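To start, the structure itself, in structure tokens.
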Amino acid sequence: MKLKKYQDKHLMMKKSTIVLLLFLCAIGIGLFVYQSFARYQDKATFRIINGKLKLSGGKGDIEFVFYNGDQKVDDILTPEKGFIYLGSKCDNGATVKWDNDAWVPTVYNLSQTKTSCSLYFGSKGNNNACILYPESAACKYNTTGETAELLYDTTNDKNLRFVGATPKNYVYFNCEAGKTASKDTCETWRIIGIMNNIEDEDGNTGSHIKIIRDKFKKKYSWDSSASGVNDGYGINEWSEADIEKVLNDEYLNRRAGSNLCYKDYRNATETCPDWANIGIRDEARNMISSVKWHTGTMSARYDGNTNLITASYMYEAERSNHHGKEQCNGGLYCNDGVSRTTTWTGKVGLMYPSDYGYAVGGTARTTCLGKTMNLYSSDNCMTNDWLYDKNNDQWTMTPVPYSSIAHIVFNVYSSGYVGYNSAYSPLAVRPTIYLNSNIKIKPNDDPTYGEIDNPFVLET
């Protein structure tokens, strides 16, 4: 019996040794596999073969899916066939950098096998390509083009803007919940462009799509006041403006309320629209970003310096620390006692004078951007600017510094030029918003996409 026990002990030791060796081998193999994979997990360049992309060297099972707009395709989409690369989406945290010359992608941050990326392409003639994928190399910083509908402006922020008389920049917004976007279920707004370096209420800076609504049927005062305040002509401070209160209360929240709709000086009012039926619906409200709007203005008084209001000058002035009461020396029209600000955080504003200025396109663009906007009624500037309205004078949200007057605000006249009006004046109001940074335009390669009969559709 003792001998048998002795033999069993050696047998157990032998088995333990084998298990230990197998375990060590497994660790070694694991380390080898890990190190081998680690050599290519940082990045890898692919070549297109028969409609698929495989990792160079044959290791791994990483592949791409091709899309023409939002349609999955099996063919290789090349420049010879009239296509441009637009962008990509990968799983497992991977990202793509595209080489237009070699027509190959390099994938970064590879950390797992079975990583899948979708590559999106569009027709070269599709003017919507850049609004769908502004990061595309084919779209970077093009600021000129007589037939272009989408161009970068000349500011340091390099905002991507729709330009010209009739660009395809219509978009469905404020749609009925749970229904397919259509003219019967949504309002049709227009995209001003993709604005960069926009700061939200949490202090995060990024890019946001900026859109503008059509005019309300009625015209309203920017602000009005009692007879003892600036003689009843209103106050040119956006954070205190009557129209700001209405837009960011009843209109934004789609409900009736107590804020009045002003139409003239000395607090003259009229019946407000039915905000409960024409205001912003819940789903659309959640798509709007609360951001820092710039409410600064030019450094010199307007009445003596009309030559300063080029689009580029106004863009910088709007972002300055100068305010609308800065040139006011007191008197009957400058006794409001309201502190001025040069930024305002909220959801619904109006267009800037610079938005109007930079919207000009076509053959007139270079000439018009080189002149002051008080001269936009000449040289075909207004007729090549989609924000122009021949039937309405339109408010902007930018105050005017004027000597002895603290109630002047910039507006765009129906005659096409940028000028000013007293805040009490009843002009057209066009609500303007920035969408959340995660809101994108749904891909679609239809050449009519963005036209008034086929507006863009938004998606998260």
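Laboratory data are not the source of any read-out in this text; all were calculated from the coordinates shown. A quick note: this is a predicted structure, and the numbers were derived from the prediction, not measured. FYI the Cβ positions are ideal-geometry reconstructions off the backbone, even for glycines, and counts take in every protein chain you see.
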The pairs in LYS140/LYS215; LYS179/LYS210; LYS219/LYS325 lying past 28 Å Cα-Cα in this model are LYS140/LYS215
The simple spin-label model distance between ASP249 and ASP446, using points 7 Å out along Cα→Cβ, in nm, is 4.1 nm
In nanometres, the difference between 0.36 nm per residue of separation and the alpha-carbon distance of THR95 and THR366 is 93.8 nm
Expressed in nanometres to one decimal, the distance between label points 7 Å along Cα→Cβ at ALA300 and THR147 is 4.2 nm
With 0.36 nm assigned to each residue of separation and the Cα-Cα distance removed, VAL104 to SER227 gains 37.4 nm
Counting only DSSP loop positions in region 229-262, the trypsin sites (Lys or Arg not before Pro) whose Cβ has at most 15 other Cβ atoms within 10 Å are ARG255
Region 284-400, convex hull of Cα, quarter of hull surface, nm² -> 9.1 nm²
So, with points 7 Å from each Cα along the Cβ direction, the GLU63-LYS292 label distance in nm works out to 4.8 nm
Ranked output for segments 82-91, 358-367 by mean other Cβ atoms within 10 Å, highest leading, reads 358-367, 82-91
Nearest-0.05 FRET efficiency for SER312 and ASN438 at R0 = 30 Å, using Cβ-Cβ distance, is 0.50
Extension length gain for LYS217 and GLN112 (0.36 nm per residue less Cα distance), in nm, is 32.1 nm
For LYS440, the aspartates and glutamates lying under 16 Å Cα to Cα, once residues fewer than eight places off in the same chain are dropped, come out as ASP70, GLU135, GLU283, GLU459
Residues of region 423-444 with backbone N under 18 Å of the label point set 7 Å from the Cα of ARG285 along Cα→Cβ are 431-436
Answer check: region 209-434, Cα atoms, Kirkwood Rh, Rg/Rh ratio of 0.95
